[in-house]
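J.: I am attaching a structure below and will ask some questions about it afterwards.
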Amino acid sequence: MPDVITVRVETDSDSFQEVVVKVERRTFKKPFLGGFRNVSTGVEFHNAGSQTNPQKRPDKGILLFSKETQTAVEKNKQQQTRNTTSTQMTEIGLYVSNMTDKLITPGKYFTAEEYHKRRLEAVIVIQKYFRRWYAINLVQNLLEEKRLRLAREAQEELQKKREKEEKLRREYEKKLNPKTKEDFELLYHDLELWMQEETERINRTFTGAERKAALCALLEEETELIACIGMHKIHANVENQQKAILQLLAKCAQPRRWKAFDGKITEIDTQNSLRGKELLEIYRSISTKDIPKDERTSVLLTLKCTVKVMALIDREVDLMSREVKECNLEGLRKRICTLFLQYIKIPEFNPGVAGLLKVPPDPLKLYKNVYFCHSCENYLPSTEFPIPANSRTIGRCRLCFQLDNEARKREAYFKYRLILESLRKYEADYQDDTKIVFLVQLPDMQYLIENIWNSRSALSACNDLYELVMVRWDKKREWSPWNTILLTKEEADAHLKLCNLREAYEAPFICKIKQKHIQAKNYFAQFPAMSSFLHRSDNQANANSDKK
C-alpha cells in the first residue's frame with residue numbers, strides 16, 4: 001500500500017469529493033480482531049479498529065504510579081465429557097453395597113476473623129522458634145570465635161615466649177662461644193656492667209685501705225677476664241679468616257646464573273669458574289688435617305703440577321718419607337697454604353678473583369676514596385670509616401673505634417643495629433627515594449632511642465629492645481628523626497594501617513609525640529648533613545597540611 005491514497009467521498013446525492021488520506025504505518029503488529037470468510041467466493045474479511053488515538057486521562061497534578069494487582073484471573077468454561085456415565089441407586093429389587101462409601105459431615109464453621117487470628121498465632125509460633133534457633137546459632141558462633149581468638153592469642157603468646165627464649169639462648173650462646181664482632185661487643189658490655197656493679201658494691205661496703213685492696217683485686221680480676229676474652233678473640237679471628245678464605249674461593253667457583261623468561265634459573269660454568277673450582281678443591285685438600293700420607297702425597301703432587309711451590313712441596317714429601325711427626329710438619333704446611341692462597345689471589349692465574357679483592361690490582365685505583373686514619377696512621381678506603389651524622393671530619397677507622405669502645409665505653413650496639421637494619425628494610429619497601437635513614441649511624445640511633453624515646457615503646461612502655469622497632473609517624477612523609485615513633489612490632493603493624501592519626505590517637509598523646517619530634521629536630525639540626533633535609537621536611541609537612 002502506498003503512503004498516500006486518494007479516497008472519493010460522496011458529499012451530496014449527486015456530488016463527490018476526492019480526499020487525500022495519509023497512511024500511518026505503525027511499528028507494532030496490529031492485533032487480530034476477528035473476521036469471516038465468504039463461502040461462495042472464498043474472500044476473507046477482517047475486522048478493523050479505528051486509527052484514532054485513545055482519549056487521555058485528565059492530569060490531576062499528582063504523580064501516580066501503577067502496578068499490576070495480585071488478584072487471580074478466573075475463567076469459567078463449559079465442557080462436555082467424552083463418555084456418558086450414569087449412577088445407580090438402591091431401589092426395590094436392586095441392592096447396591098455402601099461398604100466403600102465415605103460419610104462426609106460438615107466441620108465447625110469459623111469466620112474470617114477467626115481464620116486470620118489462627119494464622120497470626122501460627123506465624124508467632126514460627127517466629128518464636130526461628131528466633132530461638134537464630135539466637136542459639138549466633139551464641140554458638142560467638143563462642144567459637146571467642147575460642148579461636150583465645151587459642152590464637154595463646155598461640156601468639158607461646159610463640160613470643162619461645163622467640164624470647166630462643167633470643168636469650170642465642171645471646172647466651174654468643175657470650176659463651178663468641179665468634180663475631182657483635183659477640184665480643186656483648187661480652188665487653190657485660191664485663192663493664194659487672195665492673196660497675198662490683199665497684200658500687202665495694203664503695204658501699206668498704207672504706208679506706210680495705211676499699212683500695214678490694215678495688216685492686218677487682219682490677220686484677222678484670223685483667224684476667226680481658227686476657228681470656230682476648231684469647232677467645234684470637235681463636236675466633238683464625239676461624240673467621242679461614243671461613244673468609246673459603247667464601248672467597250667459593251665465590252670464584254660460582255657459575256654464572258640468570259633468570260629466564262619462564263622463571264627458571266639457568267646456570268653455566270665458565271672457564272674462570274672451572275678454574276676457581278679446581279683451586280678450591282686443591283686448597284681444601286692441602287688445608288685438611290689428619291689425612292693418610294698417601295692421600296697427602298697425592299695432593300702435594302697435584303699442587304706441584306698446578307703451582308710453582310716446588311721447594312716446599314719437595315721438602316714436605318721428603319720429611320713424610322722420613323716418618324716425621326705430624327706436629328712438626330704443621331708450620332711447613334701453613335707456609336704452603338699461605339703461598340697457595342697468595343697464588344690464588346693473583347688475577348693472572350685466577351681471573352675470577354679480580355672483582356672480589358679489596359685491594360685492586362691497578363695501583364692507580366688506590367688513590368680514589370682513600371683516607372688517612374690519625375689514630376692507627378694507616379691509609380684505608382672510605383668504607384672503613386664510620387661517619388656519624390654529627391661528624392665534620394673523617395675521624396678514626398672502624399678498628400680504632402672498636403678498640404676505643406672495648407677499652408673505655410664498652411657499649412653494645414647489637415640491639416641498636418637490629419633496630420636500624422629493620423628500619424632501613426621498612427624504608428626500602430616504600431621506594432620513595434628516602435635518604436635520611438641511610439645517613440643515620442649506630443651512635444645516632446643510640447642517642448635517638450635512649451635520650452629521646454627513653455628506650456621504651458611510646459604506647460605500651462615496653463623496654464625490651466629486641467621487641468621494639470622504629471617506623472614512620474606519618475607514613476606519607478619520608479622517615480626522619482622528627483617523623484618517627486618507637487613501638488613494638490605488633491603496635492607498629494597496627495600503626496602503619498591507620499589512615500588518620502588525629503582520629504586514632506588522643507590529643508595529649510599526639511602532643512607528647514610532637515614534643516619528642518621537636519627534641520630530635522633541635523638535636524639533629526646542629527649537623528650540616530641534616531640541615532637541608534630538615535628544611536625539605538618542613539616544606540613537605542606544610543604542603544600536606546595545605547592539602548588537608
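J.: Would you confirm whether or not segment 189-199 contains a residue that is part of a helix (DSSP H, G or I), of a type in the set (S, T, Y) and either on the phi > 0 side of the Ramachandran plot or not assigned by the TED database to the domain that holds E224 (or both)?
T.: Looking for residues that are part of a helix (DSSP H, G or I), of a type in the set (S, T, Y) and either on the phi > 0 side of the Ramachandran plot or not assigned by the TED database to the domain that holds E224 (or both), one finds none in segment 189-199, hence no.
J.: Consider segment 415-437. How many of its residues are over 14 Å from the mean Cα position of the chain (by Cα) and either aliphatic (A, V, I, L, M) or open to solvent by less than 30 Å² (accessible area, probe 1.4 Å) (or both)?
T.: 7
J.: So, one more: Does segment 300-317 contain any residue that is of a type in the set (D, E, K, R), free of Cβ contacts under 8 Å to residues at least 12 places away in the same chain, more than 23 Å from K243 (Cα to Cα) and open to solvent by less than 80 Å² (accessible area, probe 1.4 Å)?
T.: yes
J.: With respect to M231, determine if the residue is open to solvent by 90 Å² or more (accessible area, probe 1.4 Å), within 25 Å of K409 (Cβ to Cβ) and assigned to a helix (DSSP H, G or I).
T.: Taking the combined requirement at face value, the residue satisfies it.
J.: Could you list all residues from segment 150-178 that are among the charged types (D, E, K, R) and within 14 Å of F414 (Cα to Cα)?
T.: K167, R170, E171, K174, K175
J.: Within segment 467-496, how many residues turn out to be surrounded by fewer than 17 Cβ atoms within 10 Å (Cβ to Cβ) and not basic (K, R)?
T.: Looking only at that region, the number is 5.
J.: Sort out which residues of segment 122-141 are open to solvent by 100 Å² or more (accessible area, probe 1.4 Å) and not β-branched (V, I, T), and write them in order of number. Talk me through it step by step, then tell me what you get.
T.: From segment 122-141, those open to solvent by 100 Å² or more (accessible area, probe 1.4 Å) are 126, 128-134, 140; that's our starting set.
Answer for segment 122-141, where residues must be open to solvent by 100 Å² or more (accessible area, probe 1.4 Å) and not β-branched (V, I, T): K128, Y129, F130, R131, R132, W133, Y134, Q140.
J.: Is it the case that V4 is surrounded by 10 or more Cβ atoms within 10 Å (Cβ to Cβ), modelled with pLDDT of 75 or more and among the aliphatic types (A, V, I, L, M)?
T.: no
J.: To continue, here is another question. Could you list, in sequence order, all residues of segment 409-421 that are in contact with a helix residue (DSSP H, G or I) (Cβ under 9 Å, 6 or more places away or on another chain) and either outside any loop (DSSP other than H, G, I, E, B) or of a type in the set (D, E, K, R) (or both)?
T.: The answer is K409, R410, E411, F414, K415, Y416, R417, L418, I419, L420.
J.: Separate question: Which pairs have Cβ atoms under 8 Å, sit 6 or more apart or on different chains, and link a residue in segment 134-161 that is more than 28 Å from E467 (Cβ to Cβ) to one that is part of a helix (DSSP H, G or I)?
T.: none
J.: Going through segment 446-461 one residue at a time, which ones are open to solvent by less than 40 Å² (accessible area, probe 1.4 Å), touching a Leu at 6+ places or on another chain (Cβ under 9 Å) and free of Cβ contacts under 8 Å to residues at least 40 places away in the same chain?
T.: Result: I449, S455, S457.
J.: With the condition kept exactly as written, say whether any residue in segment 447-462 is assigned by the TED database to the domain that holds K521, more than 23 Å from the chain's Cα centre (by Cα), closer than 21 Å to F385 by Cβ and in a helix (DSSP H, G or I).
T.: Yes, segment 447-462 has at least one match.
J.: For segment 212-222, check the following and say yes or no: at least one residue is assigned to a helix (DSSP H, G or I), among the hydrophobic types (A, V, I, L, M, F, W, C), open to solvent by 30 Å² or more (accessible area, probe 1.4 Å) and in the same structural domain as F340 (by the TED database).
T.: no
J.: Go through the residues of segment 87-110 one by one and say whether even a single one is open to solvent by less than 100 Å² (accessible area, probe 1.4 Å), small (G, A, S) and either in contact with a helix residue (DSSP H, G or I) (Cβ under 6 Å, 6 or more places away or on another chain) or part of a helix (DSSP H, G or I) (or both).
T.: The answer is no, given that none of the residues of segment 87-110 is open to solvent by less than 100 Å² (accessible area, probe 1.4 Å), small (G, A, S) and either in contact with a helix residue (DSSP H, G or I) (Cβ under 6 Å, 6 or more places away or on another chain) or part of a helix (DSSP H, G or I) (or both).
The values are calculated or read from the model by the stated rules, or taken from the named source; none is laboratory data. Values in this document were obtained by computation on a predicted structure and should not be read as measured data. Cβ coordinates were reconstructed from backbone atoms using ideal geometry, including for glycine residues, and neighbour counts include every protein chain displayed. To get the accessible areas, we keep the full protein, side chains included, count just its heavy atoms, and leave off ligands, DNA and RNA. Shrake-Rupley method; radii C 1.70, N 1.55, O 1.52, S 1.80 Å.
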